[in-house]
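First comes the structure, then the notes that go with it.
The values are calculated or read from the model by the stated rules, or taken from the named source; none is laboratory data. Since this is a predicted model, take the numbers as computed values, not measurements. Don't worry about glycine lacking a Cβ; one is built from the backbone with ideal geometry, like all the others, and counts go over all protein chains shown. Just so you know, the surface numbers come from the protein's heavy atoms only, side chains and all, with ligands and any DNA or RNA stripped out. Shrake-Rupley method; radii C 1.70, N 1.55, O 1.52, S 1.80 Å.
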Amino acid sequence: LSIQMGAVGEASSSSETGWGGGPLHGHRVELCIAALRGSVPPLLIKDFRSKDLKGTGGKLRVTLKKQIHLVYEDLLRTKPQSQSQSHSQSHLRRGLRRGWKQHSQPSRFDLVTLGDAWLPSAIQEGLISPIMAAESSPWWDLIPDAGKRLVTRDRHGMMPVQGNGAGGGFVWGVPYRWGCLVVLYREDKLRSARGQPHLRLRDWGDLWHTSLKGKVALPSAHPRLHTALALKSLGRSANAGLRERDRAVLGDRIRALRGQVKTLCPSSSLKALQAGDVWAAVGWSHTLVPFSHHSSKIRCMAPLSGTLLSADVWTVPANRWQHSDAGDPLRHRVIDRWFERSLDVAKAAPELKTLKYGGAGMALLNAKARHHGNNANSDGDVSVVLDGKTGFLPSRRVLQASEFLAPWSAETIQQYHQLI
């Protein structure tokens, strides 16, 4: 599993064999990638082929997958035989129903897209390999600290408690695009707010407002999400532990949130929002931000106290390394260059410099925090609205308070069941 994908000995770090040097010419390295549809701009693929592979005889083959779970199922089919006994019984039963064979073949992909939420199970199942020597690779410094922490996990898929780099774990992927949880709301409906004063929807706590009872849509029934929203509404981190002294208050908060909800289905929530049956819909930017362009009545916002972040991550299939060419240093260098181009915000396609289309380049988390202001209104009020005036990006203040969700430990899951 510990195949080196970063700097490959002296050969990859020497300036005499650097990217674009003589040794690459005449070698036909074929890079095969399975990517989430919409997460890789056509311009990036075109530039990599025309600039990075120019004169090398190399090829880039990209297979687009409609949904992440389809990528995950491909990884299950190609799971290394040495790991076959560690399949969960549920995966095995599901696989047998679909006619899968109980033995595997090497993956045909060098890299595949996974969402960060899929990393724990992919690591536990032995479906992906860690990227060794990642910290010494040229692309590592292009990843924001939050992104480095996100992909640094132990063998159980858990994130290190401390540190902002790879200390305490392995690097299991390269985050290349981020999105966030946003709220779409019907401004026309909130003006009346059932006879009450105009409700300004600016933070998570506003979802508990009495005028929104039965008018809120959430993207799922997952307890991790509901708990995170409740914690944020109480002014705490979404990754805060479920402290015993806070459990009664937190439990009440979660139950009250569920009382506000009309639907937990992402597709039906947007239809309900258009119809006016739902006044506020919570969901991920890749779906909700593009939808917000469809009506002048619908506004989009990233809550003031910070939102939840998500990322698309390049990962290395564990079974890829059964191929005879897997250890080729030239292949590693091509992959390193793909990582670098995926992360270089200066060369990024226009659609990755904004959340207008749902997702932005990973390095923009750093660039946005360093160079952009607070998106304050004329009265000094920090804007939470995502629209053309704000470049469809959260303000610096919102981004600095935002966070990726860490997976729950077995102990925390048990505490949750005691909570509810």
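Here are the numbers for the structure shown:
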| quantity | calculated |
| --- | --- |
| Search result, residues across segment 35-44 that are buried (at least 16 other Cβ atoms within 10 Å of the Cβ) and either part of a loop (DSSP other than H, G, I, E, B) or modelled with pLDDT of 95 or more (or both) | Ala35, Leu36, Gly38, Ser39, Val40, Pro41 |
| Selection status of Thr287, among the hydroxyl-bearing types (Ser, Thr, Tyr), farther than 23 Å from Ala401 by Cβ and open to solvent by less than 70 Å² (accessible area, probe 1.4 Å) | no |
| Residues satisfying the stated conditions in segment 125-158, i.e. out of contact with any Asp or Glu (no Cβ under 7 Å at 6 or more places or on another chain), open to solvent by 10 Å² or more (accessible area, probe 1.4 Å) and part of a loop (DSSP other than H, G, I, E, B) | Glu125, Ala133, Asp154, Arg155, His156, Met158 |
| Among (1) in a helix (DSSP H, G or I); (2) among the charged types (D, E, K, R); (3) without any contact (Cβ under 8 Å) to a residue 12 or more places away in the chain - the single one Arg255 does not satisfy | (3) |
| Top-ranked residue in segment 175-209 [being of a type in the set (Gly, Ala, Ser) and at pLDDT below 95; ranked as surrounded by the fewest Cβ atoms within 10 Å (Cβ to Cβ)] | Gly195 |
| Options Leu218, Leu212: the member that is hydrophobic (A, V, I, L, M, F, W, C), crowded, with 22+ Cβ neighbours inside 10 Å, over 24 Å from the mean Cα position of the chain (by Cα) and at negative phi | Leu212 |
| Condition met for Ala122 (of a type outside the set (Val, Ile, Thr), open to solvent by 10 Å² or more (accessible area, probe 1.4 Å), outside any loop (DSSP other than H, G, I, E, B) and out of contact with any Cys (no Cβ under 8 Å at 6 or more places or on another chain)) | no |
| Matching option when the condition is surrounded by fewer than 18 Cβ atoms within 10 Å (Cβ to Cβ), within 22 Å of the chain's Cα centre (by Cα) and modelled with pLDDT under 95, among Asp379, Asp387, Asp328 | Asp387 |
| Per-region count, segment 48-76, residues open to solvent by less than 10 Å² (accessible area, probe 1.4 Å) and of a type in the set (Gly, Ala, Ser) | 0 |
| Residue within segment 299-314 that is in a strand (DSSP E or B), aromatic (Phe, Trp, Tyr) and under 30 Å from Pro80 (Cβ atoms) present | yes |
| Residue among Ser292, Ser269 that is open to solvent by less than 10 Å² (accessible area, probe 1.4 Å), in a helix (DSSP H, G or I) and small (Gly, Ala, Ser) | Ser269 |
| Pick from segment 244-255, criterion more than 14 Å from Ala221 (Cα to Cα) and under 28 Å from the mean Cα position of the chain (by Cα), ranking: surrounded by the fewest Cβ atoms within 10 Å (Cβ to Cβ) | Gly251 |
